[in-house]
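Novice: This is the structure I want to talk about, given as structure tokens.
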Amino acid sequence: MKSIIQDEKKCYVCGQYHWLENHHIIYGTANRKKSEKHGLKLWLCTEHHRGTKGVHNNRELDLTLKRLAQTVFEETHTREQFRNIFGKSYL
């Protein structure tokens, strides 16, 4: 997994090293591939990925990670480029 956000394989939220899953921050059919291509992904433990506190069940965590991804992306690209690729801005 190549990520522009995270170097170490541990849950980004809690730091756990076990039961990790690869999360594409900008997800959906077309955006998953784009997220992969641009490194907008990170490791999450099962609970923070698909659990009750997880990104797929917690809109606040989902938006926090999307904003983080866009912020890091914009360190080397423009906001317009982000919008052109992903269809909207989270910032």
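The values are calculated or read from the model by the stated rules, or taken from the named source; none is laboratory data. Just so you know, these numbers come straight off a predicted model, no measurement behind them. Neighbour counts are summed over all protein chains in view; Cβ atoms, including those assigned to glycine, are modelled from backbone coordinates with ideal geometry. The area values use the complete protein model at the heavy-atom level, side chains included, leaving out ligands, DNA and RNA. Shrake-Rupley method; radii C 1.70, N 1.55, O 1.52, S 1.80 Å.
Novice: Quick check on segment 1-60: what are the equivalent-ellipsoid semi-axes from the Cα gyration tensor, as sqrt(5λ), descending, whole Å?
Specialist: 18, 15, 8
Novice: Quick one: compute the contact order of the chain, relative version, from alpha carbon pairs under 8 angstrom and 6+ residues apart, as a percent.
Specialist: RCO, the chain: 26 percent.
Novice: Suppose R0 equals 22 Å; then what is the FRET efficiency for ASN58 and HIS18 from their Cβ-Cβ distance, rounded to the nearest 0.05?
Specialist: 0.60
Novice: Report the gain in length on full extension from LYS33 to LYS2: 0.36 nm times residue separation, minus Cα-Cα distance, nm rounded to one decimal.
Specialist: 9.9 nm
Novice: Sticking with this one: Give me the percent of accessible area attributable to carbon and sulfur for segment 1-65, probe 1.4 angstrom.
Specialist: 50
Novice: May I ask which residue of GLN81, LEU20, LEU61 lies farthest towards the positive end of the charge dipole of the chain, with charges of +1 (Lys, Arg) and -1 (Asp, Glu) on Cβ and the Cα centre as origin?
Specialist: In the chain, that residue is GLN81.
Novice: Moving on to the next point. At 222 nm, what helix-only mean residue ellipticity would the chain give, in deg cm²/dmol to the nearest 500, using -39500 (n - 2.57) for each DSSP H run of four or more?
Specialist: It comes out at -11000 deg cm²/dmol, rounded to the nearest 500.
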